[in-house]
Amino acid sequence: MKNKFLLILGLIAFVVVVEFIFSYTSVFKRLELMTYDLRAKFAVDNGPFTKRFKSADKKIVIVAIDDYSRKEMSKNPEINLGSWPWPRDVWSGVVDFIEKGEPKAILFDIIFANLNENPWNDRRFAQTLRKYDNIVLATALNNPKYLVDKSKKGTVIENSDYSPTPRPLDVEIDDKKIDNAITFYSHEPVHDLYTQYNTIGVVNKVVDEDSVIRRAQPVFKLIKNNETYYLPSLAFAGFLKYMGEDGKITIKDNKITYKGMVIPIDKKGETNISWHGHGHNYSYIPISKILLSEDSNEYIKPDYFKDKIVIIGRTMTGTDIHLSSVNPSYAGPEANATALDNFINDTDLHNKKARKFISELSKPDEYLLILVFCSFIVALGMLSKNALIGFINNFASIILYILFCIWFFADPSIRIWLPVVVPLYYFFMTSGIVFAFRFQQELAKRATVMNMFGKFVSPKVLANLLKNQDNLVLKNTKKRITMMFCDVKDFTTLSEKCNPEQLVDNMNELFNKVVDVIFENNGTVDKFIGDCVMAYWGEPIADEDDAYMAVKTALEIKKVVNELKIQNAKDNKIILDVKIGINTGEALLGLSGSEKIMSYTAMGDAVNVASRLESNCTKLNRDILISKSTYEDVKSKIIVLEAGKISVKGKDEKIEVYEPIGLVEDVESSEV
């Protein structure tokens with residue numbers, strides 16, 4: 001027992017160590033992110049759980065600098081844009097055209113770093129931007145705090161002289177870890193000409209170690225020249241334009257709160273993006289349609305942009321294209337559009353059509369989940385009928401867990417990211433250990449059954465026992481059985497007169513015949529007691545015809561012995577005969593013996609009575625005697641003669657005995 005306990009502890013320790021090794025090497029993390037992406041594909045607008053929830057917001061429009069526009073512009077040489085980046089005054093026309101439609105906001109997912117070759121173009125564009133208060137320009141932040149902290153002391157951080165923004169966010173934050181996680185020390189050199197009068201949004205993409213976009217960061221912190229600036233992401237800046245920029249932003253308890261709207265964030269200040277589809281879920285307007293419509297409204301009218309939030313960005317092949325959870329070629333502007341959609345439509349806790357933000361279990365909760373489910377697997381595996389069924393049940397439970405993980409993630413009313421990879425590792429390892437333990441138990445029990453019954457029951461019964469080991473009780477128990485003693489007549493006299501070797505050979509030949517008949521009738525040979533065979537019916541497998549099978553066996557033994565007597569007479573062998581006693585009653589069955597030698601046997605009054613019946617056969621001059629209890633069970637199937645009453649040691653009253661002489665079915669068949 002102690003060795004088993006130590007083995008189990010060793011296996012548990014091994015499983016845990018292997019998990020830590022794989023987790024340390026990020027193998028499990030990468031696999032978990034793959035399962036995240038698979039679930040994200042189920043969680044889109046055309047998924048099975050999303051019908052009653054708000055789909056992609058039609059108010060969000062993407063003006064795309066795409067391959068189509070490049071082809072269309074090449075057909076109109078009068079518009080000479082030149083190579084990228086285009087002259088800044090081009091954007092003046094684009095902004096003026098869209099603003100005629102009175103959009104809610106225009107977000108540039110393009111960084112206008114430094115000044116163009118022609119300063120006049122920059123001034124014109126800047127003057128155009130100053131006319132409107134709903135425009136957000138882009139910047140990017142560099143040198144995050146965690147990398148700067150790891151760099152050598154004295155490392156110089158290069159930065160521009162331009163101001164990052166004239167209007168930093170009004171942020172109240174009480175979480176130092178999050179504050180540090182969102183901190184950067186440098187930014188792209190966007191000229192003061194642009195930053196002086198416009199809102200600036202950060203376009204840094206949040207990617208995992210596999211370069212896949214799964215999350216967005218709403219708020220960034222920039223420390224420059226000992227000044228602190230809180231900046232919105234481009235998507236969050238669009239959200240502020242939509243909501244109005246006169247509120248205070250609070251970051252507390254892993255939540256960003258603004259005007260009653262709540263965005264849950266993790267310890268890095270990031271939130272998981274809830275994708276609406278695999279791409280192109282928002283209206284895409286090729287920028288060529290705007291450029292070709294500035295004078296004629298031929299392709300699109302400004303009214304189209306009424307109350308829209310317009311994101312302008314590059315989607316040409318090889319430009320702002322990224323890996324995402326739902327598409328390996330996802331446009332960067334649409335990633336911002338999706339995050340903006342989440343901020344606008346999923347932050348209202350009172351909106352029944354709002355989708356919940358994806359939340360992740362904490363590590364303590366994850367390991368509690370693993371512990372509870374592993375305990376369930378152990379219980380299910382141990383309580384199942386056998387090792388194979390237990391493993392199948394556990395496998396089905398694991399499949400059910402996976403389905404629950406998909407459901408919890410994909411249902412917008414739940415949106416919980418239940419871990420899959422690490423739990424599955426523990427679940428399968430636990431299932432394997434339980435299976436091995438149960439299988440070892442079954443092999444041990446099989447060996448015990450073979451050892452205890454292999455030579456004492458028929459192959460048919462043995463096969464049944466091995467098939468239904470769980471129904472076999474190998475402990476001391478009381479049970480109703482039918483006992484039979486089959487003894488060689490006058491063995492003492494024969495042993496004195498006959499050659500010992502020949503007598504033993506002939507007796508073994510007789511016992512072979514007797515045991516064959518017992519096995520043919522599903523009996524169990526308990527033991528050989530000298531010249532006597534002790535057998536019973538009702539254990540290890542009980543049947544309502546046990547008594548009948550015992551009596552039938554006795555009659556068949558007499559027939560076989562009579563045939564053997566004739567043959568032995570012809571062969572000048574020792575002629576042996578038998579007498580048989582049969583009784584039905586309660587007997588104690590169990591393991592009996594010493595610590596070194598033990599056997600499974602029947603004991604008790606029912607056994608003693610059967611023995612007395614066998615010994616009384618000689619006195620009553622009968623070959624077979626059965627007790628009244630046996631007779632009551634077989635009287636409709638066996639033809640008997642009354643043999644009187646006999647005294648049995650330990651009983652005050654004499655018991656009635658009968659001599660079976662044939663089977664009713666044999667008589668009926670002969671009459672037919």
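What to note about this one:
- Among (1) modelled with pLDDT under 90; (2) open to solvent by 70 Å² or more (accessible area, probe 1.4 Å); (3) under 22 Å from V378 (Cβ atoms), the one test that F428 misses: (1)
- Top-ranked residue of region 231-266 - restricted to ones that are in a strand (DSSP E or B) and open to solvent by 30 Å² or more (accessible area, probe 1.4 Å), ranked as nearest to I321 (Cα to Cα): P264
- Filter result for the condition that a residue is open to solvent by less than 50 Å² (accessible area, probe 1.4 Å), more than 30 Å from N351 (Cβ to Cβ) and touching a Pro at 6+ places or on another chain (Cβ under 6 Å), over D89, D66: D66
- The residues on offer are L137, L115, and the sole one that is within 27 Å of I287 (Cβ to Cβ) and open to solvent by less than 20 Å² (accessible area, probe 1.4 Å) is L137.
- Single condition S293 does not satisfy, out of (1) hydroxyl-bearing (S, T, Y); (2) over 28 Å from F357 (Cα atoms); (3) crowded, with 22+ Cβ neighbours inside 10 Å: (3)
- In region 542-640, counting only helices (runs of 4 or more DSSP H) that sit wholly within it, the ones holding 2 or more residues that are open to solvent by less than 70 Å² (accessible area, probe 1.4 Å) and out of contact with any strand residue (DSSP E or B) (no Cβ under 9 Å at 6 or more places or on another chain) span 546-570.
- Region 629-647 residues that are closer than 19 Å to E614 by Cβ and free of Cβ contacts under 8 Å to residues at least 12 places away in the same chain, paired with ones that are open to solvent by 80 Å² or more (accessible area, probe 1.4 Å) and acidic (D, E) (beta carbon under 9 Å, 6 or more apart): S647/E653
- Residues satisfying the criterion are absent from region 40-57 (criterion: open to solvent by 10 Å² or more (accessible area, probe 1.4 Å), of a type in the set (D, E) and either in a helix (DSSP H, G or I) or without any contact (Cβ under 8 Å) to a residue 24 or more places away in the chain (or both)).
- Residue check for I311: assigned to a strand (DSSP E or B) and open to solvent by less than 20 Å² (accessible area, probe 1.4 Å): yes
- Being more than 57 Å from the chain's Cα centre (by Cα) and modelled with pLDDT under 95 holds for only one residue in K570, K596, K513, K527, and it is K570.
- In region 58-74, residue farthest from N336 (Cα to Cα) [restricted to those that are acidic (D, E) and modelled with pLDDT of 90 or more]: D67
- Residue pairs whose Cβ atoms lie under 8 Å apart, separated by 6 or more positions or on different chains, with the first residue in region 357-375 and within 16 Å of F427 (Cα to Cα) and the second not in a helix (DSSP H, G or I), are E366/P419; L369/L361; L369/L418; L369/P419.
- Residues that are in a helix (DSSP H, G or I) and over 25 Å from F404 (Cβ atoms), drawn from region 19-36: F20, I21, Y24
- Any hit, region 332-340, residues being in a helix (DSSP H, G or I), more than 24 Å from T35 (Cα to Cα), modelled with pLDDT of 95 or more and open to solvent by 10 Å² or more (accessible area, probe 1.4 Å): no
- In region 492-513, the residues that are under 19 Å from I566 (Cβ atoms) and not in a helix (DSSP H, G or I): C498
- Candidate set from region 92-112 (those that are open to solvent by less than 10 Å² (accessible area, probe 1.4 Å) and among the aliphatic types (A, V, I, L, M)); member that is nearest to the chain's Cα centre (by Cα): L107
- Residue tally, condition small (G, A, S) and either closer than 15 Å to G269 by Cα or touching a helix residue (DSSP H, G or I) at 6+ places or on another chain (Cβ under 8 Å) (or both), over region 205-246: 4
The values are calculated or read from the model by the stated rules, or taken from the named source; none is laboratory data. A quick note: this is a predicted structure, and the numbers were derived from the prediction, not measured. Every residue, glycine as well, gets a Cβ built from its backbone with ideal geometry; the counts of neighbours run over all protein chains shown. What goes into the accessible areas is simple: the full protein's heavy atoms, side chains included, and nothing from ligands, DNA or RNA. Shrake-Rupley method; radii C 1.70, N 1.55, O 1.52, S 1.80 Å.
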